[in-house]
Amino acid sequence: MLPSLLIVLAITAFRIALLAANRTDLFVDEAQYWLWGQELAFGYYSKPPLIGWTIRAATEIGGSDASFWVRLPGPLLHGIAGLLLGAIAAPRFGKSASIWVCASYVTLPMVAIGGLMISTDTVMVPFLVLSLLAWMRGLDIGGSHRWAILAGFSLGIGFLGKYAAVYFILCAGLSAALLWQARPGWKPALSGFVAFLLAISPNIMWNLANGLSTVEHTLDNADWVRDPGDKATLNIAGLAEFLGSQFAVFGPILFACLLYLATRPRRASAEQKFLLLFSLPILAIVSIQALLSQAYANWAATAYIAGTLLVVPWLLANRPGLLKASMGFHLALTILLPVLTVFGAGLRIGADGDLLLARYLGRSDMSLSILEAAEKRDLSAVVADDRDVLADLFYFNRDGPIAVYARPVSGRAPNHYVLKHSMPSNLTGPVLFVSKRKSAPNECTEAVSLGRVAPEDGAYAHRSQKLFMVDAQCLAVRPSQ
């Protein structure tokens with residue numbers, strides 16, 4: 001394990017060093033996750049709680065809420081996941097394959113990006129890898145309560161990171177149905193499932209106490225499940241886009257190899273079949289989601305845990321030249337992407353195009369402009385109706401005296417800010433209202449336009465915001481509404 005450890009330490013140290021010099025702003029999701037960490041709970045509007053807990057722990061350890069500490073768990077957790085994958089590979093495919101598995105994982109394109117930011121995938125993956133390690137160790141000895149309980153509990157913690165962890169249960173059940181080697185016995189399986197339920201029980205109780213908020217949001221993403229009648233046509237282009245994006249997520253050579261191995265299951269060993277069953281069903285499910293509605297590129301990321309264990313040893317044994325080419329490409333990305341965040345803030349797409357890293361730039365400038373406008377007019381509160389603006393305002397105003405609120409709405413809250421940070425109904429006096437709309441709400445008859453914040457570059461270059469000074473009560477939700 002020493003070579004694997006040295007590889008992980010070197011890559012992780014490189015990522016952390018450049019993370020300290022990173023010139024990008026927190027993305028809207030990262031800023032929201034940071035806010036969750038300020039209000040520790042067993043669940044949040046759109047995600048389970050582990051991401052908020054992780055960021056809170058990192059910022060408490062660092063004594064700072066700077067973006068470096070918010071993002072620091074990213075490279076550390078991916079390094080741990082890589083070492084655990086190597087530990088799975090070593091007794092099955094040999095020491096050399098173990099090193100290649102570890103090195104391949106920590107340089108995957110999705111990990112190269114995950115090492116630059118903090119996401120729910122990042123906090124989930126190490127626990128999924130540990131769960132797979134424990135499950136396979138238990139299967140090696142024909143079933144084990146101890147290993148099954150570790151697998152179930154670790155899976156539950158991963159589920160608290162992202163609900164996609166539940167794919168593990170589907171894959172374990174499918175593999176047990178098709179492969180006798182994947183059957184742990186019903187008693188160990190029950191032990192593991194009980195451990196899983198115990199681990200996720202706090203989030204279940206939170207959802208029940210909060211109107212199943214996170215479940216509702218998950219159903220919003222899979223809208224064909226909620227209302228299949230709305231999806232009369234198949235999204236062929238969306239499916240093609242999703243599958244094409246997987247060449248970038250897993251790497252072009254590795255993903256092509258995974259698809260190749262999927263076409264020859266009869267020639268696969270029992271171990272390879274097991275790993276295929278922990279990878280392909282996830283890819284199939286998300287592909288169906290893409291076909292019926294839409295799917296983001298990272299939604300199938302969990303497929304590439306088993307996918308890495310399957311593809312890399314096979315390439316090493318059969319196509320070592322391709323494996324080296326894959327590693328070379330991934331290593332180049334691993335170096336290039338962090339360097340871009342330090343030295344590439346001014347790079348543009350085309351001579352006069354948008355900034356290459358536009359979505360991660362200009363957020364602090366927009367927020368500070370809005371807060372300065374409020375301070376200039378002695379306004380004690382800012383109310384906004386855009387999730388991105390609210391995320392940035394809460395983060396960049398974290399030490400400021402101005403209160404930030406979401407504009408309240410009637411009915412189900414569309415985001416975390418409306419759910420937990422709506423403007424109080426009893427707030428009175430003038431406030432700064434920020435919106436993309438060209439005019440103030442009709443209820444705000446005495447609104448004063450304060451101009452528009454329209455950055456030339458960055459995340460808000462095409463999403464300028466209009467500022468209005470209004471009386472707070474004109475933004476309140478009326479009972480009749």
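Mind checking whether some residue in region 403-414 is in a helix (DSSP H, G or I), open to solvent by less than 10 Å² (accessible area, probe 1.4 Å) and either under 22 Å from Gly451 (Cβ atoms) or in contact with a strand residue (DSSP E or B) (Cβ under 8 Å, 6 or more places away or on another chain) (or both)?
no
The sole residue among Lys376, Lys438, Lys420 that is surrounded by 14 or more Cβ atoms within 10 Å (Cβ to Cβ) and not β-branched (Val, Ile, Thr) is Lys420.
Scanning region 379-388 for residues that are open to solvent by less than 10 Å² (accessible area, probe 1.4 Å) and more than 15 Å from Met423 (Cα to Cα) gives no hits. The residue that is most open to solvent (accessible area, probe 1.4 Å), counting only those in region 46-83 that are β-branched (Val, Ile, Thr) and free of Cβ contacts under 8 Å to residues at least 40 places away in the same chain, is Ile61.
The residues in region 1-54 that are of a type in the set (Lys, Arg) and within 24 Å of Val106 (Cβ to Cβ) can be counted, and the count is 2. Does Ser449 satisfy being more than 29 Å from Tyr44 (Cβ to Cβ), open to solvent by 40 Å² or more (accessible area, probe 1.4 Å) and part of a strand (DSSP E or B)? Yes; evaluated as a whole, the condition is true for this residue. Looking across region 8-45, the residues that are of a type in the set (A, V, I, L, M, F, W, C), in contact with a Lys or Arg (Cβ under 9 Å, 6 or more places away or on another chain) and open to solvent by 30 Å² or more (accessible area, probe 1.4 Å) come down to Phe27, Leu40.
Residues that are within 18 Å of Glu30 (Cα to Cα), part of a helix (DSSP H, G or I) and not small (Gly, Ala, Ser) occur at least once in region 77-96. Would you be able to say whether some residue in region 277-290 is within 17 Å of Ala97 (Cβ to Cβ), of a type in the set (Phe, Trp, Tyr) and crowded, with 24+ Cβ neighbours inside 10 Å? Within region 277-290, none of the residues are within 17 Å of Ala97 (Cβ to Cβ), of a type in the set (Phe, Trp, Tyr) and crowded, with 24+ Cβ neighbours inside 10 Å. Name the single residue, out of those in region 389-402 being open to solvent by 20 Å² or more (accessible area, probe 1.4 Å) and in contact with a Phe, Trp or Tyr (Cβ under 9 Å, 6 or more places away or on another chain), that is farthest from Gln32 (Cα to Cα). It comes out as Arg398.
The values are calculated or read from the model by the stated rules, or taken from the named source; none is laboratory data. From a predicted model like this one, the values you see are computed outputs, not experimental measurements. Positions of Cβ are generated from backbone atoms using ideal geometry, with glycine treated the same way; all protein chains shown enter the neighbour counts. Each accessible area value is taken on the protein alone, full model and side chains, heavy atoms only, with ligands, DNA and RNA left out. Shrake-Rupley method; radii C 1.70, N 1.55, O 1.52, S 1.80 Å.
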